[in-house]
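Asks: A single structure is presented below for examination.
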Amino acid sequence: MIYLSEKYNIYDFASADSIANGNMRSINEFADILAEHNSKEPENKRITWNANWNARPRARSSAYGPDFYSKLKASGCTSLTVGAEAVSNHVLLHMNKKTDVD
């Protein structure tokens with residue numbers, strides 16, 4: 001994103017391909033890099049982005065850390081799209097999703 005923004009003067013990106021937080025280490029590193037980049041740029045050259053998002057079960061949400069969403073905002077995140085996998089515990093169990101409707 002940084003390369004493309006510098007080369008083509010494009011500053012807003014949308015990711016509709018992969019789930020952004022499939023790997024917590026990667027999304028944290030990504031957010032750190034973009035937050036650092038954006039902190040050094042004038043407002044009109046700060047990168048913004050949005051992505052599909054995997055809602056994690058409450059028991060695993062601590063993996064984000066206390067400042068995670070502030071970091072996402074600093075990285076330029078403008079929105080996260082969350083879709084429901086299923087609304088049936090029976091279906092979730094058979095899909096081996098290791099979560100429930102709650």
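Asks: Return the carbon/sulfur percentage of the accessible area of the chain, one whole number, probe 1.4 Å, all protein chains in place. Intermediate values should be presented prior to the final figure.
Replies: Details: 3700 of 7260 Å².
Solvent-exposed carbon and sulfur of the chain make up 51 percent of the total.
Asks: Another one. Using helices alone, I'd like the mean residue ellipticity at 222 nm for the chain: each DSSP H run of four-plus residues gives -39500 (n - 2.57), total over residue count, nearest 500. Show your work: numbers first, answer last.
Replies: Working: 4 runs with 36 residues, N = 102.
It comes out at -10000 deg cm²/dmol, rounded to the nearest 500.
Asks: Ok, one more. In terms of modelled amide H atoms, which long-range or inter-chain residues lie less than 5 Å from the amide H of Thr48?
Replies: Under 5 Å from the amide H of Thr48: Asp12, Phe13.
Asks: Still on this structure: Using a Förster radius of 25 Å, what is the FRET efficiency between Leu92 and Tyr69 based on their Cβ-Cβ separation? Nearest 0.05, please.
Replies: Numbers: r = 25 Å, r/R0 = 1.01.
Efficiency at R0 = 25 Å is approximately 0.50.
Asks: Lys98: which lysines have alpha carbons under 30 Å from its alpha carbon, excluding same-chain residues fewer than 8 sequence positions away?
Replies: Excluding near neighbours in sequence, the set is Lys71, Lys73.
Asks: Now a separate question. Consider just the alpha-carbon atoms of the chain and return their Rg together with their Dmax, both in angstrom.
Replies: 15.9, 50
Asks: Compute the relative contact order of the chain as a whole-number percentage, counting only Cα pairs closer than 8 Å that sit 6 or more residues apart in sequence.
Replies: Working: 115 pairs, mean separation 29.1, N = 102.
This gives 29 percent for the chain.
Asks: Here's a follow-up. Before I look further, what does the chain give for accessible area per residue, probe 1.4 Å, in whole square angstrom? Can you show the working numbers first?
Replies: Numbers: 7260 Å² over 102 residues.
Per-residue value: 71 Å².
Asks: What are the ³J(HN,Hα) couplings of segment 91-102, residue after residue, when phi is run through the Karplus curve with 6.51, -1.76, 1.60 and θ = phi - 60°? Round to Hz, x for glycine and proline.
Replies: With coefficients 6.51, -1.76 and 1.60, one gets 5, 4, 4, 6, 8, 6, 7, 6, 8, 9, 4, 4 Hz.
The values are calculated or read from the model by the stated rules, or taken from the named source; none is laboratory data. Note that the structure is a prediction, hence the values are computed from the model and not measured. For neighbour counting, all protein chains shown are included, and Cβ atoms are generated from backbone atoms with ideal geometry for every residue, glycine included. Note: areas computed on protein heavy atoms with side chains; ligands, DNA, RNA excluded. Shrake-Rupley method; radii C 1.70, N 1.55, O 1.52, S 1.80 Å.
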